[in-house]
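Beneath this line is the structure, given in structure tokens, with notes to follow.
Each reported figure results from applying straightforward, stated rules to the coordinates on display, with no laboratory input. Because the structure is predicted, anything quoted here is derived from the model rather than measured. All Cβ positions, even for glycine, are placed from backbone atoms using ideal geometry, and neighbour counts span all protein chains on display.
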4 protein chains.
Amino acid sequence: MERITKRGFASDNNSGVHPAVMKAINDVNEGHVVGYGDDPFTEEAIRILKNHFGADIDAYFVFNGTGANVLSFDAVSKAYNSIICTETSHINVDECGAPERFTGCKLLTVPTPDGKLTVEKIASHMHGFDFEHHSQPGIVSLSQATELGTVYLPEELKIICDYAHHHGLKVHMDGARICNAAASLDLSLRAVSRDAGIDVLSFGLTKNGAMQCELVIFFDQALSADFKYLRKQGMQLGSKMRFMSVQLTSLLSDDLWRQNALHSNRMAALLAEEVVKIPRVKITQKVEANGVFAVIPRSVIPLLQKEFFFYVWDESRSEVRWMTSFDTQEEDVYKFTALLAELVAR
Amino acid sequence: MERITKRGFASDNNSGVHPAVMKAINDVNEGHVVGYGDDPFTEEAIRILKNHFGADIDAYFVFNGTGANVLSFDAVSKAYNSIICTETSHINVDECGAPERFTGCKLLTVPTPDGKLTVEKIASHMHGFDFEHHSQPGIVSLSQATELGTVYLPEELKIICDYAHHHGLKVHMDGARICNAAASLDLSLRAVSRDAGIDVLSFGLTKNGAMQCELVIFFDQALSADFKYLRKQGMQLGSKMRFMSVQLTSLLSDDLWRQNALHSNRMAALLAEEVVKIPRVKITQKVEANGVFAVIPRSVIPLLQKEFFFYVWDESRSEVRWMTSFDTQEEDVYKFTALLAELVAR
Amino acid sequence: MERITKRGFASDNNSGVHPAVMKAINDVNEGHVVGYGDDPFTEEAIRILKNHFGADIDAYFVFNGTGANVLSFDAVSKAYNSIICTETSHINVDECGAPERFTGCKLLTVPTPDGKLTVEKIASHMHGFDFEHHSQPGIVSLSQATELGTVYLPEELKIICDYAHHHGLKVHMDGARICNAAASLDLSLRAVSRDAGIDVLSFGLTKNGAMQCELVIFFDQALSADFKYLRKQGMQLGSKMRFMSVQLTSLLSDDLWRQNALHSNRMAALLAEEVVKIPRVKITQKVEANGVFAVIPRSVIPLLQKEFFFYVWDESRSEVRWMTSFDTQEEDVYKFTALLAELVAR
Amino acid sequence: MERITKRGFASDNNSGVHPAVMKAINDVNEGHVVGYGDDPFTEEAIRILKNHFGADIDAYFVFNGTGANVLSFDAVSKAYNSIICTETSHINVDECGAPERFTGCKLLTVPTPDGKLTVEKIASHMHGFDFEHHSQPGIVSLSQATELGTVYLPEELKIICDYAHHHGLKVHMDGARICNAAASLDLSLRAVSRDAGIDVLSFGLTKNGAMQCELVIFFDQALSADFKYLRKQGMQLGSKMRFMSVQLTSLLSDDLWRQNALHSNRMAALLAEEVVKIPRVKITQKVEANGVFAVIPRSVIPLLQKEFFFYVWDESRSEVRWMTSFDTQEEDVYKFTALLAELVAR
């Protein structure tokens, strides 16, 4: 079979696994350990995770981001709650209704120009409390970095969390790209999540160079007392967990996670720098993490996609999304932007 | 961190990954491919799978056995259906109610001496048809090999499938250990499932030496028309799927799956041969796959577990379960049975 | 206990039962009949219903409007479907997330000035087909009359239904006030629902003078093949069903349903006529059925509510909702508007 | 339409409504009151209910027994819990899987000779605590009177409740026939439920002479803090609730409930007395409430059913179930037993 070695800009999950992560997986492939997480590798991973987020967290490996998000909601909600989020959030547009089906909750969305919630937007859904005909607002869910490549400042998060907590809501962070956010802000993982008031975090490492490594992290152990049952019933408990655990250990024991995130952020910045030079190409979002959104001539899209796969974000506006990854190379960016320039110029 | 290299008899998921599978995973770690299964490695894996089960199957990777079972049920049932299974089935005792929660179906169980369904046992739940107060029998689910280490003959399966189909039910096979069953019977994977009439199969390779590789396979494509949505909504769609696909390719492109299964079956047979020599140890189930069930002196259990971890199956009867794996060595068996003999003799 | 005999404008379910309906209930209170609908009174009711909607319908009594709506959705959807509706629809704002919880579906809402869907609005959610990450559009749900007191013309419905069907969606009508709509248009019940292309109808008689009488009516029997199980599993099957059935018979065997609807519509029209005379009161929606929406001086609201209970519709705009009922009297309207005028004048 | 005035022995829900209940319904049919239970009639009903069960209860009207049972479970469980009950319980065999679908819980059943749980039987399912692969035992559900016409003594209940509470489980009582049980024991409603340790009660009055009047009653208000949302989301909130409330008031303000129950119990006793005189008829359960179970000659069943409708309980044993009602007359019993005797004698 022909190998696909070309790197594109479709998604940060189209890359493979960072070599150090792969080495860690190989290194634990001997002997027997107890399944389902009761093994020394998982213990070690959780220990390292606590160095980042604090000793009093409670953390659980799950298979993917949808699993992390849905089970986070299930843990901190009742079925009659609503979840307030942006129209563009992954939980709203890319999970095929998984949150609704598993938790029974209603998603209440707000339009945003940049993928970021604000208190004003959240407030538009903060009514009907104590009125049994109305889904009770229960969770604010936001993404760090957002699906539009923007990043919340800690103080922005804090304002949202304070408001939510004041009204009795929990705040969930979809951290599929939290590493990119922390790298972007030159802050710790904890600073861009827990310290700003987040209650429960979908912590994603897959897009950072893992094969598959996502977790649900609770910053208040009272919220996770029975989470192990939810994870099992939610079909998200893996048997040979050591192979997940060592991925976390590999990425978080030194600062590999940050290097990977910084690199992909830099590649996005470089990409943005190059494309703004091209006429009739207009960047539509701030480039704060590893995504670049741009309006480009409609006729160019299929031609460009032939060489470098990527997704159209908004058909009606001819807006596209380009994502960079830990393994994106400068030459990938230059080749891509050269081709784009050429196609636009034709 | 100290490495755990001792091999035990607790479960066939306590082992690591077969070296050939690990090599395959390493070999595809370059370049970008489209996520979520739209990649050449997954295409290749499905092609190979069709060599085993037929060109007209429809197959989907999922993360684990619970996911495979629950989504199988979801695909071929309505929420008002019941699922007929054994009391000892994994879906009944080891999935924390995941089938009920996700599908809404009721599980109807039958006691068995050996983990195997029969038409007579199934028939005890075949009533209330067309009566709206009663859950409508919709699925027969059986495990091949069973959770008690026994194996259905193709003709036994055929009788069950004919009976079920005659009454309008679908038959699901939990094939977490289908490789052990096929090896035990010296038959093909297809012969012990599809050719006997099974409609949908949870196909498990994890216990055969994969890191994580489970699939739902439909033998009637009419049943899977919308399964891709169920998998996504069921939180079981992986992004970097190439790493799952190559595990299947590695195990199924030659007969590695059979070698692994034959080996673990042989180790169980050897274990059984050795333990029957020990006084006060009584084997309680036929050893047809890779599990050995035995009643042993109660006082011996904790002492033996200190050296070799395993699970007590039935506390009340002092019955234990020992599972062998693709990597179990003859010396593991001899050391284990020697210690057991010594402890019993004390 | 003091009797409450004052009539208000809070909701058309604050009234009691039409005397003829009550008489019918009394008249069948003798002897035994088989429970759960297998009785001659229910048979008779369905026969009469078929006179209105056609002989080939399939109809089921349920307890309330939420039950009718949710079970309608359950019958014609899969859990991965989305339901397109208005922001102001009852299913979205007044059912505490019941549709999401029971069906697993996602609600996709559109803002409207008047509570009415249009093809353009529906089209904004018609994307992502065949893309497994996206909830698949499955149902268009609209209310006739709408929650804002407006009424769809048959030709408006037809355009929506044709569009929906062309794209493979089913159309559900929340007919909690379908009698008011039919009376308003001087058309038959069938003309304002089935003949315009509706697939499944929540048919409500409670607001028309019944004690409790709601049904799910399928205009394509292929959709209801297993509905009896859904109703039972959905906790909506009543035992002493004769007392529900005779309510339908009472209202539909002659034209009592239309008289009741015409009357309440007339009372709403009268109310509108009177309030427009009052300064600083502005009617905000067309008065086409039995609801009047108006912006009134904020300070007047609590004073007026002391005498006549009603609900504030939009706090921010000081917009209120007044509903009339089959038993609203002209003098109620005059007293109410006189008080309103007086309060505004203070 | 021909009227059905014959009374049979099929079910205690085949009867109509007690005349006093019907009168109460008629008497409140004037004026407007706020919907959904915020009315003086409901307030009065709850006040009267508290006279029976204690001032610190929390009670909610629902539409039917399945609704009462399912929402009781939903209130006091998590989806990963199991519910321990008898094989013959209504929740297991007559609710089409409604408990599983709505709550996600697993039902664990025990066989019984008489429909009554015991600690020994419950204990058979009390394992796997703290083990995430296993549904966590969360509720014991029992029926008073049972589906087999037997009645728990308060001391029997107390032993079960103490055991359940000791292990952290809640105890639910399906009280569809609690009036019959209390009358049978010459005790108060409270004595046969709350005082014995029950946590949550499905309180049924429909079978006692109501048109439709079921409630969920919590004996610990901590359990019902958010029940109003569950009821609404569970599609069990009625709008014109006054018509339900006055049924309760009618039955419970004096001792009408007890008279009705005593009467139907007496009719069952009379029926039992008469049938034992008939050769080849064998009563199979103690007659402690309003049901009689008997094995009768198989050939007699269809002939007898032509005149008096009733249900076959166990086809294989030719066992039938006869239920009496508040309106069963002595002459009904004599005619019925005379016909039975005649048919047997042929």
Task: Per-residue HN-Hα couplings for the stretch B:298-312 [Karplus 6.51, -1.76, 1.60; θ = phi - 60°; Hz; x = Gly/Pro] - done: 4, 5, 6, 3, x, 5, 5, 5, 4, 9, 9, 6, 7, 10, 7
Task: For chain D, share of DSSP beta bridges that run antiparallel, in % to the nearest 5 - done: 55
Task: Long-range HN-HN contacts of A:V276 with modeled amide H, under 5 Å - done: none
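Tell me the relative contact order for the stretch C:14-150 as a rounded percent, counting alpha carbon contacts under 8 Å between residues six or more apart.
Numbers: 139 pairs, mean separation 30.8, N = 137.
After rounding, I find 23 percent.
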TODO: Would you work out which of D:G234, D:H167, D:F218 lies farthest towards the positive end of the dipole of the stretch D:121-247? Charges go on Cβ: Lys and Arg +1, Asp and Glu -1.
DONE: D:G234
- [ ] Compute the label-point distances linking C:F129 to its equivalents in the other copies; points lie 7 Å from Cα along Cα→Cβ; give nm, one decimal, shortest first.
- [x] 3.8, 4.4, 5.6
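Could you work out the relative contact order of the stretch A:19-253? I mean the mean sequence separation of Cα pairs under 8 Å and 6+ apart, divided by the number of residues, in percent. Spell out each step's value before the answer.
On the way: 441 pairs, mean separation 71.9, N = 235.
Once divided by the residue count of the stretch A:19-253, the mean separation gives 31 percent.
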TODO: Determine the shape class of the protein assembly as shown: with a ≥ b ≥ c the square roots of the Cα gyration tensor eigenvalues, call it rounded for a/c under 1.5, and otherwise prolate if a/b is greater than b/c, oblate otherwise.
DONE: oblate
Task: Cα gyration tensor, the stretch C:19-253 - rounded (a/c under 1.5), prolate or oblate - done: prolate
Task: Under Karplus coefficients 6.51, -1.76 and 1.60, residue-wise ³J(HN,Hα) of the stretch C:80-91 in Hz, glycine/proline x - done: 8, 7, 10, 10, 8, 8, 7, 4, 8, 5, 4, 4
TODO: Run through the other copies and list how far each one's label point is from that of A:S316, in nm with one decimal, shortest first; the point sits 7 Å from Cα along Cα-Cβ.
DONE: 2.1, 6.3, 6.5
- [ ] Rounded to whole Å, how close does chain C get to the rotation axis onto D by Cβ? Give me the residue too, please?
- [x] C:F63, 2
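Which of C:Y163, D:Y152 has the fewest other C-beta atoms within 10 Å, and how do the rest follow up to the most?
C:Y163, D:Y152
Based on DSSP, what percent of beta bridges with both residues in the protein assembly as shown are antiparallel, to the nearest 5?
Values: 80 of 152 bridges.
In the protein assembly as shown, approximately 55 percent of DSSP beta bridges are antiparallel ones.
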Open item on the list: Based on Cα coordinates alone, diagonalise the gyration tensor for the stretch C:239-310, multiply each eigenvalue by 5, take square roots, and list the semi-axes in whole Å, largest first.
Closed with: 34, 16, 9
Open item on the list: For D:L108, what residues show an amide H to amide H distance below 5 Å, using hydrogens built from the backbone and excluding near sequence neighbours?
Closed with: D:I83, D:I84, D:C85
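Any idea what the dipole of the protein assembly as shown comes to, in debye rounded to 20, about its Cα centre with Lys/Arg Cβ at +1 and Asp/Glu Cβ at -1?
Working: 136 positive and 176 negative charges, 1 e Å.
Here the size comes out at about 0 debye.
Return the calculated 222 nm mean residue ellipticity for the protein assembly as shown, to the nearest 500 deg cm²/dmol, obtained by summing -39500 (n - 2.57) across DSSP H runs with n ≥ 4 and dividing by the residue count. Display every interim value, and only then the final one.
Working: 52 runs with 533 residues, N = 1384.
Value at 222 nm, helices only: -11500 deg cm²/dmol.
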Task: Table column - 3J(HN,Hα) (Hz), the stretch C:144-152, Karplus curve with 6.51, -1.76, 1.60, x for Gly and Pro - done: 10, 4, 6, 5, 9, x, 9, 10, 7
Task: Only Lys, Arg (+1) and Asp, Glu (-1) charged, at Cβ; the stretch B:19-253 dipole about Cα centre in debye - done: 340
Task: Amide proton proximity set for C:V62, modelled H, under 5 Å, gap of 5+ - done: C:E214, C:L215, C:V216
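Using the Cβ atoms and a cut-off under 13 Å, what net charge is assigned to the surroundings of B:H172, where Lys and Arg are +1 and Asp and Glu are -1?
On the way: positive: B:K170, B:R194; negative: B:D74, B:D174, B:D199, B:D220.
Neighbour charge sum, excluding B:H172 itself: -2.
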- [ ] Answer with one residue from C:L262, C:A341, C:F293: the one whose Cα lies farthest towards the positive end of the charge dipole of the stretch C:256-345, charges on Cβ with Lys, Arg +1 and Asp, Glu -1.
- [x] C:F293
TODO: With an 8 Å cut-off on Cα pairs and a minimum separation of 6 or more residues, tell me the relative contact order of the stretch A:221-313 in percent.
DONE: 17
Open item on the list: Could you tell me how far the Cα centroid of the stretch C:39-94 sits from the Cα centroid of the stretch A:166-224, in Å?
Closed with: 43
Open item on the list: Can you list the copy-to-copy distances for B:K50, using a point 7 angstrom from Cα toward Cβ, in nanometres, shortest first?
Closed with: 4.9, 5.1, 7.1
Open item on the list: Is the C-alpha gyration tensor of the stretch D:283-346 telling us rounded, prolate or oblate? Criteria: a/c under 1.5 is rounded; beyond that, a/b larger than b/c is prolate, otherwise oblate.
Closed with: oblate
